[in-house]
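Notes follow once the structure below has been shown.
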There are 2 protein chains.
Amino acid sequence: MADLWEVISDPNRRQLVQLLGQGEKTVTELSVHFPVSRSAISQHLLFLVEVGLIRARKEGRNRYYSLKPEGVSKLQGMFERFWTNELDLLVTEAKEIHHNKGEM
Amino acid sequence: MADLWEVISDPNRRQLVQLLGQGEKTVTELSVHFPVSRSAISQHLLFLVEVGLIRARKEGRNRYYSLKPEGVSKLQGMFERFWTNELDLLVTEAKEIHHNKGEM
DNA sequence: TGGATAGGTTAGCGTACGCTAACGCATTTA
DNA sequence: TAAATGCGTTAGCGTACGCTAACCTATCCA
């Protein structure tokens with residue numbers, strides 16, 4: 001079974017999510033930004049539909065893809081569950097180190 | 001070249017990061033939590049060292065692995081760059097939808 | 001009606017990846 | 001000193017994945 005982590009493990013899929021963040025887009029509109037074939041993009045989009053992150057709206061010859069708010073929300077939840085308090089503490093620690101370096 | 005996204009694309013590596021969030025641990029201590037061999041865990045750890053997310057401290061026969069604050073910081077930065085404002089807006093939108101549903 | 005355009009489908013290819021098994025090297029303990 | 005323990009290294013295996021090429025369907029326009 002596919003999970004949301006797989007979505008963001010591929011660079012092209014990550015970029016697709018970001019592009020769709022700007023609003024709904026067709027496959028060819030999206031394909032322009034990638035070096036790979038339209039077919040490859042189409043397959044990525046179908047995968048994103050499958051995991052519930054985006055949806056497709058048909059209008060004439062075009063298919064407009066857009067992000068599903070619930071899907072994006074799930075994605076965020078996934079990140080938040082992963083990012084434990086311990087990790088957050090280490091980040092502030094890193095900032096302090098960097099800050100001290102800057103002062104020396 | 002390996003990047004930090006690859007780190008979190010594997011379930012076992014994600015769990016390793018979280019376990020190391022609790023403090024430094026040896027390979028065998030970590031291996032206990034996984035169904036795979038110690039060798040597999042060792043290879044994951046070497047990868048995490050390679051990308052600069054963790055470091056190893058040798059003490060006798062043991063090797064204590066721990067998170068590098070700068071590495072964790074980079075990981076956070078990576079997430080933050082990915083998570084655009086547009087995506088954030090969609091999340092609040094999702095919450096409103098869910099809220100309305102609850103009221104109906 | 002015929003071509004052009006948008007997009008889904010499928011087979012197949014190359015390759016990267018996670019894992020195990022087996023071994024080697026230190027270090028500790030009996 | 002011999003056995004045991006902790007860990008890294010390597011070869012090789014199976015498989016999943018991203019991609020292309022080729023084809024098909026549906027819709028639009030001349």
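So, in region A:27-64, of the ones that are in a strand (DSSP E or B) and within 14 Å of chain B (Cβ to nearest Cβ), which residue ends up farthest from DNA strand D (Cβ to nearest atom)?
A:Arg55
Kindly indicate the residue of region A:77-99 that is within 9 Å of another protein chain (Cβ to nearest Cβ), surrounded by fewer than 14 Cβ atoms within 10 Å (Cβ to Cβ) and acidic (Asp, Glu) and also farthest from the chain's Cα centre (by Cα) among those meeting that condition.
Among those residues, the one meeting the criterion is A:Glu96.
Can you tell me how many residues in region B:28-42 are of a type outside the set (Val, Ile, Thr), more than 6 Å from DNA strand C (Cβ to nearest atom) and out of contact with any strand residue (DSSP E or B) (no Cβ under 8 Å at 6 or more places or on another chain)? Give the derivation first.
Of region B:28-42, the ones of a type outside the set (Val, Ile, Thr) are B:29-31, B:33-35, B:37-40, B:42.
In the following step, the residues that additionally are more than 6 Å from DNA strand C (Cβ to nearest atom) were identified as B:29-31, B:33-35, B:38, B:42.
Pick out the ones that are also out of contact with any strand residue (DSSP E or B) (no Cβ under 8 Å at 6 or more places or on another chain) and you get B:29, B:31, B:33-35, B:38, B:42.
Counting residues in region B:28-42 that are of a type outside the set (Val, Ile, Thr), more than 6 Å from DNA strand C (Cβ to nearest atom) and out of contact with any strand residue (DSSP E or B) (no Cβ under 8 Å at 6 or more places or on another chain) gives 7.
Kindly provide the set of residues from region B:45-66 that are of a type outside the set (A, V, I, L, M) and either within 14 Å of B:Leu20 (Cβ to Cβ) or in contact (Cβ under 8 Å) with a residue 40 or more places away in the chain (or both), ordered by number.
Residues satisfying the conditions are B:Phe47, B:Glu50, B:Gly52, B:Arg55, B:Arg57, B:Arg63, B:Tyr64, B:Tyr65, B:Ser66.
Could you figure out which of (1) modelled with pLDDT of 95 or more; (2) within 16 Å of DNA strand C (Cβ to nearest atom); (3) acidic (Asp, Glu) isn't true of A:Glu80?
Condition (2) is where A:Glu80 drops out.
What tally of residues in region B:1-26 results from selecting those that are near DNA strand D (Cβ under 8 Å from one of its atoms) and without any contact (Cβ under 8 Å) to a residue 24 or more places away in the chain?
Count: 0.
Using the structure shown, decide if A:Arg63 is within 16 Å of DNA strand C (Cβ to nearest atom) and either surrounded by 16 or more Cβ atoms within 10 Å (Cβ to Cβ) or on the phi > 0 side of the Ramachandran plot (or both).
yes
Rundown of residues vs (1) of a type outside the set (A, V, I, L, M, F, W, C); (2) closer than 18 Å to B:Trp83 by Cα, yes/no style:
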residue: A:His33; (1), (2): yes, no
residue: A:Ser37; (1), (2): yes, no
residue: A:Pro69; (1), (2): yes, yes
residue: A:Phe82; (1), (2): no, yes
residue: A:Asn85; (1), (2): yes, no
residue: A:Thr92; (1), (2): yes, no
residue: A:His98; (1), (2): yes, no
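Please go through region A:65-76 and give me each residue that is in a helix (DSSP H, G or I) and either charged (D, E, K, R) or within 12 Å of the chain's Cα centre (by Cα) (or both), ordered by number. Give the derivation first.
Initially, region A:65-76 is screened for residues in a helix (DSSP H, G or I), giving A:69-76.
Scanning region A:65-76 gives A:Glu70, A:Gly71, A:Val72, A:Ser73, A:Lys74, A:Leu75, A:Gln76.
Need the failing condition index for A:Leu46 against (1) in contact with a Lys or Arg (Cβ under 9 Å, 6 or more places away or on another chain); (2) modelled with pLDDT of 95 or more, just the number.
The one condition A:Leu46 does not meet is (1).
Just one of the numbered conditions (1) under 28 Å from B:Glu96 (Cβ atoms); (2) surrounded by fewer than 16 Cβ atoms within 10 Å (Cβ to Cβ); (3) not aliphatic (A, V, I, L, M) is not true of A:Glu70; which one?
In the conditions (1) under 28 Å from B:Glu96 (Cβ atoms); (2) surrounded by fewer than 16 Cβ atoms within 10 Å (Cβ to Cβ); (3) not aliphatic (A, V, I, L, M), A:Glu70 misses (2) alone.
Hey, can you tell me all the residues within region B:6-26 that are among the basic types (Lys, Arg) and either within 9 Å of DNA strand C (Cβ to nearest atom) or assigned to a helix (DSSP H, G or I) (or both)? So that I can check it myself, show each step before the final result.
At the first step, the residues of region B:6-26 found to be among the basic types (Lys, Arg) are B:13-14, B:25.
Passing the criteria: B:Arg13, B:Arg14.
How many of the residues making up region A:1-17 are buried (at least 17 other Cβ atoms within 10 Å of the Cβ) and of a type outside the set (A, V, I, L, M, F, W, C)?
Looking only at that region, the number is 1.
Pick from A:Leu20, A:Leu46: which is of a type in the set (A, V, I, L, M, F, W, C) and crowded, with 16+ Cβ neighbours inside 10 Å?
Just one listed residue meets the conditions, A:Leu20.
The values are calculated or read from the model by the stated rules, or taken from the named source; none is laboratory data. Just so we're clear, the structure is a prediction, and the values are computed from it rather than from any experiment. Every residue, glycine among them, receives a Cβ derived from its backbone with ideal geometry; neighbour counts consider all protein chains shown.
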